[in-house]
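Working notes for the structure below.
No value in this document is a laboratory result; all are computed from the given coordinates. None of the values given here were measured: they were computed from a predicted structure. Here the Cβ positions follow ideal geometry from the backbone for every residue, glycine too, while neighbour counts run over all protein chains shown.
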Amino acid sequence: MTTLALGAQDSAAMVARSVRGFSRKVDSMLTSVMTPIFIMLLFVYVFGGAINIGTDYRNYVVPGVIILCAGFGAASTAVAVATDMQTGVIDRFRSLPIMSSAVLVGHVVTSVLTNLIATVIVLGVAFLTGFRTNATLLDWIGALAVLLLFIVALSWTATALGLLLKNPEAANGVTFIMLFLPYLSSAFVPPDTMPKPLQVISEHQPYTPLIETLRSLLLGTPMGNSGWLTLAWFGGILIVSVVASMRLFNRTTA
């Protein structure tokens, strides 16, 4: 069997292990799905009537909630990786004749799969609240591609944080930043309604172009240069996080 085939086999085994582990954490599964749903319902039915942005607020807020959904899933990935480091599970895997990076690939693939499932559930609830889209099939494919790039980049970032911190509590605390940053983007209100310092932050961070790209694909709003900025931001984050994860993995388990 070729090295590539053996690596794929090892990664598949690690994915199955990670999926089994995540399926036992009912609290993490509920948090990843229910928290974004509650946030969406809060903004749509409690704050939405008081927020006038010149368009249907339900349509405006859904792309940001979808991004929040993926962020909650990434926090679970950081905790899972840190737990493996703390308990010495990764060291035991290194003693086996398997591809070392398969352990990390298992966590990332599980994160991507669970985040996509949670996103579908959140999107289904969004349609029940009145969200409507005029997206074509090509637009949906583009939106899925953008979401996949974002989820994969965030999952590898969470993996790097878990390897760096090695402590589940610390990993869970640091990933709070990833969950908080969308609130300083265009997810819930237009940046030009914010105070000047927050407006600068909103316009110069990765979540705003990502959300504007999703809005353009799903709602037909102007995209401008948001698409290219999204590819640059999250393509760069993906490359950096993969390299950092591999280096941290080799350093901390050598």
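Assorted remarks:
- Seen from a random direction on average, the alpha-carbon convex hull of the range 144-254 projects onto 7.7 square nanometres.
- Protection proxy ranking for 131-139, 182-190, using the average of other Cβ atoms within 10 Å per residue and placing the highest first: 182-190, 131-139.
- Per-residue HN-Hα couplings for the range 121-130 [Karplus 6.51, -1.76, 1.60; θ = phi - 60°; Hz; x = Gly/Pro]: 5, 4, 5, x, 5, 4, 5, 5, 7, x
- The length gained on full extension between ASP139 and ASN250, counted as 0.36 nm times the residue separation minus their Cα-Cα distance, comes to 35.9 nm.
- Extending 7 Å from Cα along the Cβ direction at PHE180 and again at VAL240 yields two label points whose distance is 1.9 nm.
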